[in-house]
Amino acid sequence: MTKPFPQPRNTGQVRPHIVFAGAGHAGLIALAALHQAGSLDADITLVSAGEQAHYSGMVPGWIEGLYAQHDMTIPLAPLAARWGLSLKVATIEGADDIALRTSAGPVPYDLLVINTGADAALPTPLDPATVIPAKPFSKLIAGLSPRLDTAASFAVIGGGVAGVEVALSLATRRPDASVTLVERGGAMAPSLPAGARTRIGQHMRRRSITPLTRATVTGVSDGTLHLEDRHVPADVCLAFTGAAPQAWLAQTPFARHNDGFFAASNSLQSLSHPNVLIAGDAGTRVDDPRPKAGVFSVRTGPLLAKAIRRWSANEPLQNAPLQRNSLILVSTGERSAVGTRNGVVIEGRWVWRWKNHLDRAFVDQFKA
């Protein structure tokens, strides 16, 4: 049964305070929906580690050179001014029952909405000093930008959909450089149907990408990625090895799932703190875990807005059903893409144009 929210501290004289921790996809969509509805009687503060949010869906296109950085970034200060929010740019350090702790001091809350995303789960031999982590995207962009056009070799660790797409983008932009894709499992992009994997494999061969499966990474040094059975040239090494909880999660009293992320109920509430909502990669739904992927975070946004509106009206929260069959669009280079949903596979330039339209529309809704 869903736990009720504590009554907001609203005596008719003080408006309740909603604090958004992080500017993730779900939170931004929820804020947009709340602004459009225009009926929320609350003060809202957005806490972000940076002055911009990055849209993950356009990162491969930026790598290939199809987008400039500003195309995939959302400036938060103009957005906050337009929507009547308070923006606090600060590093989140922890939280307690009444306040979010940041590098700029505590931020008291009546309702806390957590959407800070995740960090990259680096294999044990690796660390951020030797590889560029996939998450947070700000670190990926900062680490890769100065090497995109100068490195002679790239190695991408992690053969999931994100790693495959990035390898294809690198090979398209830099056909003169070697690109190696390393996967510890037996297949690349194993979450995709066989037809999609076949087509993506054809594009990888066309781009001269070297795929290595059942490969165990042992370290990185002097421009070389070391595996158990070989050494791979890697002036630049990127890690797309899954998601890990951010360090600040451990500095809170909020319930954690056995995967280390915050534990959320079917109403998006923290299992231990009903006035804490969790969305995106920062949490795991204990009743229906979803992959740590941007497509699921985006779909959670409207559900998050609905939960916040019900909290504002002192109404009980409802079950927030999560999307199960997501549309996956994978850029394969030169404005072409492979798409799949419910086992159906599509491919072509028109698929990329569709993806480009969806990606640009997502970002533009926050800039208009």
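Each value in this text was obtained by applying a stated rule to the coordinates, not by laboratory testing. Predicted model, so just to flag it, every value in this text is computed and none were measured. Here the Cβ is made from the backbone with ideal geometry for all residues, glycine too, and neighbour counts use every protein chain on show.
Between 0 and 90 degrees, rounded to the nearest ten: what's the tilt of helix 161-173 against the longest Cα principal axis of the chain?
The helix 161-173 is inclined about 50 degrees to the chain.
How many angstrom lie between the Cα centre of segment 93-116 and the Cα centre of segment 126-164?
Their Cα centres are 31 Å away from one another.
What is the sum of charges around Ala49, taking Lys and Arg as +1, Asp and Glu as -1, for the other residues whose C-beta is under 14 Å from the C-beta of Ala49?
Every neighbour counted, the sum reads +1.
How about Lys355: which aspartates and glutamates have a C-alpha closer than 12 Å to its C-alpha, ignoring those fewer than 8 places off in the same chain?
Partners within reach: Glu347.
Sequence gap at least 6, Cα distance under 8 Å: using those rules, report the relative contact order of segment 245-368 to the nearest whole percent. Could the numbers behind the result be given before it?
Details: 157 pairs, mean separation 17.6, N = 124.
Here the relative contact order equals 14 percent.
Which percent, nearest 5, of DSSP beta bridges in the chain are antiparallel? Let's see the in-between values first.
Numbers: 31 of 64 bridges.
Just about 50 percent of them are antiparallel.
By the scheme Lys and Arg +1, Asp and Glu -1, what is the net charge of all other residues having a beta-carbon under 11 Å from that of Ile200?
Values: positive: Arg197, Arg199, Arg205, Arg206, Arg207; negative: Glu165, Glu347.
Local charge sum for Ile200: +3.
What number, in nm² with one decimal, is the all-direction average of the projected area of the convex hull of the alpha-carbon atoms of segment 121-242? All intermediate terms of the calculation are to be shown ahead of the outcome.
Numbers: hull surface 27.3 nm².
With the hull built on Cα positions only, its mean projection is 6.8 nm².
Helix 25-37: angle to the longest alpha-carbon principal axis of the chain, degrees 0 to 90, nearest 10?
40
Have a look at the DSSP beta bridges in segment 121-242 and tell me what percent are antiparallel, nearest 5. Write down the numbers at each step before the final one.
Details: 7 of 21 bridges.
Here the antiparallel bridges make up roughly 35 percent for segment 121-242.
What residues qualify as long-range amide H neighbours of Ala320, i.e. H under 5 Å apart, gap of 5 or more or another chain, H built at 1.01 Å from N?
Ser267, Leu268
Compare Gly186, Gly333, Gly201 in a GNM of the chain, Cα atoms joined below 10 Å, and give the one with the largest fluctuation.
Gly186
Would you calculate a helix-derived [θ] at 222 nm for the chain, using -39,500 (n - 2.57) for each DSSP H run of n ≥ 4 and dividing by the full residue count, to the nearest 500?
Values: 8 runs with 99 residues, N = 368.
Rounded to the nearest 500, it is -8500 deg cm²/dmol.
Taking the Cβ of Pro78 as the centre, find all other residues whose Cβ is under 15 Å away and add up their charges (Lys, Arg: +1; Asp, Glu: -1).
0
Comparing Ser103, Ser178, Ser272, which has the greatest mean-square fluctuation in the GNM of the chain with Cα pairs linked when under 10 Å apart?
Ser103
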